[in-house]
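Structure first, commentary second.
The values are calculated or read from the model by the stated rules, or taken from the named source; none is laboratory data. The model shown is predicted, which means the values in this text are computed figures rather than measured ones. Using ideal geometry, Cβ is built from the backbone for each residue, glycine included, and neighbour counts are taken over all protein chains shown. To get the accessible areas, we keep the full protein, side chains included, count just its heavy atoms, and leave off ligands, DNA and RNA. Shrake-Rupley method; radii C 1.70, N 1.55, O 1.52, S 1.80 Å.
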Amino acid sequence: MNKKLEQRFLEEVDLLQGGNAYLRSVKNVSDIIAQESFSKEELITLLQAEGQERALLFDAAHARKIEFVGKQVYFRGLVEFSNICSKDCLYCGIRKSNEKVIRYEASDEEILGACRFAWENRFGSVVLQSGELSSPAFTERVDRLLKAIKQLSNEELGITLSCGEQSRETYQRWFESGAHRYLLRIESSTPDLYNQIHPQNVHHSFEKRLECLQLLKDCGYQVGTGVMIGLPFQTMEHLAADLLFLKKLDVDMVGMGPYIEHEDTPLYVFRDQLKTKQERFDLALKMIAALRLLMPDINIAAATALQAIDPAGREKALKIGANVIMPNLTPCDFRKEYQLYEDKPCLDEDAELCRNCLEARVEMAGGEIGYGEWGDSRRFVNRRQGSSH
Ligand code: SAH
Ligand code: SF4
């Protein structure tokens, strides 16, 4: 081929390839949101939506939520019953090596009192969350609490646990004692990134985490997982992969929120590389909206970390795709010591739990509180009835 011809050939190939790439990228948000399944590239386009397109994404997610799970918003009263943890996750303020934290264990009376409040106020469910321990004494204590909560509430309160990685026997035992949902975030579904935000040792293994999620499913729990958004080293590809991971694992519930740095953690040294908090918040909302399109019948929680950045953060999430909110029932004295991240809200308990205020906030977000209901994930119910979409 002579030089001129060669040049022209190359230009044409370029045009063709560029043209294809262009065609791919012009599949715009309005085309994508009408679909039911999404490629990684399409999810990235959604996560990058701005202005009018962002509004389209949010409206579509809201509509899909109403269509599949209705406008009910379910309460889970959150009780952070202990901050004692055997692990050292590099992002977490209550990690074992943070000696500034005063460790606590709420008493049975305090925990059961918070659960009684939830029951009397027709919250439907509670979440018991703690640092991760696997001692027999801890297993035993949680077991005892589960039975006591069932008893005090006439078997009416639903119970979600969030106590980290445990053995099959422990998960099974807790399930039999009354827990029926379990939250265990995968944090990042990309093993390399997972390893960058955890110490490199057997106690922080990605494979173990995955195995635990499977064990929980096998035991019969409704399983919730999720990721942090805006982590150092995290890209849009990672986040799109996270969404596809959640879909593939076919989880019942997702709780995901912005990563927020904490000064007494190793990851704090990367604070200058982070997106601004507002950007992380916005990205978290887009993740929730994209997830609602991808998994229309699951439960999605409006994460508390959203509220640490924007006081109306949880309501904004409800407006676009979330359908679960976790009012904090942890006694305020303990909350100061359960700072997973900086600025974690320790609001006036009365204001946070005031029934009228809660109702007004949910209504403002177009929702309606599902009082006294467990609010099981539609996905779980559909799957059990063998009519999954
Ligand atoms: N120990 C249990 C439950 C408590 S931690 C567990 O690890 O599963 C609950 C969640 O808090 C974690 O899954 C993590 O996603 C979130 N978290 C911890 N540190 C955080 C931070 N700095 N910013 C945002 N979320 C954080
Ligand atoms: Fe412990 Fe959970 Fe924090 Fe990890 S994220 S250090 S397991 S409380």
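Residue separation of residue 168 and residue 144 scaled by 0.36 nm, minus their Cα-Cα distance, works out to 6.8 nm of gained length. Label positions at residue 48 and residue 264, each projected 7 Å from the Cα along the C-beta direction, are separated by 4.0 nm.
Placing unit charges on each Cβ (+1 for Lys and Arg, -1 for Asp and Glu) gives region 49-383 a dipole about its Cα centre, and among 236, 166, 83 the Cα reaching farthest toward its positive end belongs to 236. Applying the Kirkwood pairwise sum to the alpha-carbon positions of region 113-169 produces a hydrodynamic radius of 12.0 angstrom.
For residue 27, the aspartates and glutamates whose Cα comes closer than 16 Å to its Cα, not counting residues fewer than 8 places off in the same chain, are 36, 41, 42, 50, 53.
Site pair residue 207 and residue 39 shows an inter-label distance of 3.3 nm when each label is modelled 7 Å from Cα along Cα→Cβ. By DSSP, the beta bridges lying fully in the chain are antiparallel in about 5 percent of cases.
Taking the inverse of the mean 1/r over every pair of distinct Cα atoms in the chain gives a Kirkwood hydrodynamic radius of 21.8 Å. Can you spot the lysines whose alpha carbon is less than 24 Å from residue 277's alpha carbon? Ignore those fewer than 8 places along the same chain. Leaving aside lysines fewer than 8 places away in the same chain, those within reach of residue 277 are 286, 316, 319, 336, 344. Per-residue ellipticity at 222 nm, computed for the chain from helices alone with -39500 (n - 2.57) per DSSP H run of at least four residues, works out to -14500 deg cm²/dmol. Only lysines eight or more places from residue 208 in sequence, or on another chain, were considered; those with a Cα closer than 23 Å are 87, 96, 217, 247, 248.
Which percent of the accessible heavy-atom area of the chain goes to carbon and sulfur, probe 1.4 angstrom?
Details: 8930 of 17330 Å².
For the chain, the apolar C and S fraction of the accessible surface comes to 52 percent.
Rolling a 1.4 angstrom probe over the protein heavy atoms with all chains in place gives the chain an accessible area of 45 Å² per residue.
Can you pull the Rg over Rh of region 47-192, Cα-only, Kirkwood? Walk me through the intermediate numbers first.
Working: Rg = 18.5 Å, Rh = 17.6 Å.
Checking Rg against Rh, the ratio lands at 1.05.
Over region 49-383, what is the relative contact order in percent, taking alpha-carbon pairs closer than 8 angstrom and at least six residues apart?
Working: 618 pairs, mean separation 86.5, N = 335.
Computed over region 49-383, the figure is 26 percent.
Spatially, region 177-222 and region 47-108 are offset by 16 Å when compared through their Cα centroids. The label-point distance for residue 97 and residue 273, in a model that sets each label 7 Å from Cα toward Cβ, rounds to 1.7 nm. Taken about its Cα centre, the chain carries a charge dipole of roughly 660 debye when the Cβ of each Lys and Arg holds +1 and the Cβ of each Asp and Glu holds -1.
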